[in-house]
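Colleague: Sharing a structure with you now.
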Amino acid sequence: MTDYFRSIDDAATFAKDKAAKADLFAGRQLFVGLNCFEPGQSQRVHVHAGSDKFYLVVSGKARMIVGDETRDVGEGTIVWAPADLPHGVVQALERTVMLIAIAPPPANLTRSAP
């Protein structure tokens, strides 16, 4: 049995004190994971040097920032944060699950492909 298939519902996890993360796949060229937020939680604005990132809002609603633009996003919205552009989750407005992918993975996330 391989690890090529994962259930988002099974992988999603939440914490009361801060946003929770779950790694789904980590290869040499791409990292995929979940960011899970309770209402009011956030992700600090940050940059991935040399790596593009996207967020797909699987469920919930959140206020996000990319560069100088802030928007409320909900289920089905995809958000792209190009390499070297500041981005983050200002505030989860509801319990929210986001699928994220980063390519290439930042050095601290790079792992061997299965």
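Colleague: Take the residues in segment 74-89 that are within 13 Å of the chain's Cα centre (by Cα) and closer than 14 Å to CYS36 by Cα, then tell me which one is surrounded by the most Cβ atoms within 10 Å (Cβ to Cβ).
Modeller: Step one: list which residues in segment 74-89 are within 13 Å of the chain's Cα centre (by Cα), which gives 77-81, 87-89.
Okay, now just the ones that are also closer than 14 Å to CYS36 by Cα, so 88-89.
Working: GLY88: 16, VAL89: 22.
Restricting to residues being within 13 Å of the chain's Cα centre (by Cα) and closer than 14 Å to CYS36 by Cα, the top hit is VAL89.
Colleague: Among the numbered criteria (1) at pLDDT below 95; (2) open to solvent by 40 Å² or more (accessible area, probe 1.4 Å), which single criterion is violated by PRO105?
Modeller: That leaves (2) as the condition not met.
Colleague: May I ask you to verify whether ARG28 is closer than 18 Å to ALA103 by Cα, of a type in the set (D, E, K, R) and loosely packed, with under 14 Cβ neighbours inside 10 Å?
Modeller: yes
Colleague: In addition: What are the pairs, 6+ residues apart or on separate chains, where a residue within segment 82-95 that is in a loop (DSSP other than H, G, I, E, B) has its Cβ under 6 Å from a residue that is surrounded by 16 or more Cβ atoms within 10 Å (Cβ to Cβ) and not acidic (Asp, Glu)?
Modeller: Matching pairs, first to second residue: ALA83/SER51; LEU93/LYS61; LEU93/ALA62; GLU94/GLY60; GLU94/LYS61; ARG95/GLY60.
Colleague: Oh, and also: Cβ-Cβ below 8 Å, separation at least six or inter-chain, first residue in segment 1-26 and in a loop (DSSP other than H, G, I, E, B), second surrounded by 12 or more Cβ atoms within 10 Å (Cβ to Cβ) and small (Gly, Ala, Ser): which pairs?
Modeller: Pairs that qualify, where the first residue is in a loop (DSSP other than H, G, I, E, B) and the partner is surrounded by 12 or more Cβ atoms within 10 Å (Cβ to Cβ) and small (Gly, Ala, Ser), are ALA12/ALA22; THR13/ALA20; THR13/ALA22; PHE14/ALA20; ALA19/SER42; ALA19/ALA92.
Colleague: If the requirement is being free of Cβ contacts under 8 Å to residues at least 24 places away in the same chain, open to solvent by 30 Å² or more (accessible area, probe 1.4 Å) and either in a loop (DSSP other than H, G, I, E, B) or within 16 Å of THR96 (Cα to Cα) (or both), which of these qualifies: ARG63, ARG71?
Modeller: Working: ARG63 fails: free of Cβ contacts under 8 Å to residues at least 24 places away in the same chain.
Going through ARG63, ARG71 in turn, just one is free of Cβ contacts under 8 Å to residues at least 24 places away in the same chain, open to solvent by 30 Å² or more (accessible area, probe 1.4 Å) and either in a loop (DSSP other than H, G, I, E, B) or within 16 Å of THR96 (Cα to Cα) (or both): ARG71.
Colleague: Out of everything in segment 28-54 that is among the charged types (D, E, K, R) and not in a loop (DSSP other than H, G, I, E, B), what residue ends up being nearest to ALA92 (Cα to Cα)?
Modeller: ARG44
Colleague: Considering only segment 1-27, state which residues are out of contact with any Cys (no Cβ under 9 Å at 6 or more places or on another chain), basic (Lys, Arg) and under 24 Å from GLN91 (Cα atoms).
Modeller: LYS16, LYS18
Colleague: Next question. Taking segment 1-59, which residues are of a type in the set (A, V, I, L, M, F, W, C) and within 22 Å of ARG71 (Cβ to Cβ)?
Modeller: Going through segment 1-59, the residues of a type in the set (A, V, I, L, M, F, W, C) turn out to be 1, 5, 8, 11-12, 14-15, 19-20, 22, 24-26, 30-32, 34, 36-37, 45, 47, 49, 54, 56-58.
Listed by number, the residues that qualify are ALA19, LEU34, CYS36, PHE37, VAL45, VAL47, PHE54, LEU56, VAL57, VAL58.
Colleague: Restricting to segment 31-50, and then to whatever is small (Gly, Ala, Ser) and at pLDDT 95 or above, can you tell me which residue is least open to solvent (accessible area, probe 1.4 Å)?
Modeller: GLY33
The values are calculated or read from the model by the stated rules, or taken from the named source; none is laboratory data. This one's a predicted model, so the numbers in the text were calculated from it and none came from an experiment. Cβ coordinates were reconstructed from backbone atoms using ideal geometry, including for glycine residues, and neighbour counts include every protein chain displayed. Ligands, DNA and RNA are stripped out before the accessible areas are found, and what is left, the full protein with its side chains, is counted by its heavy atoms. Shrake-Rupley method; radii C 1.70, N 1.55, O 1.52, S 1.80 Å.
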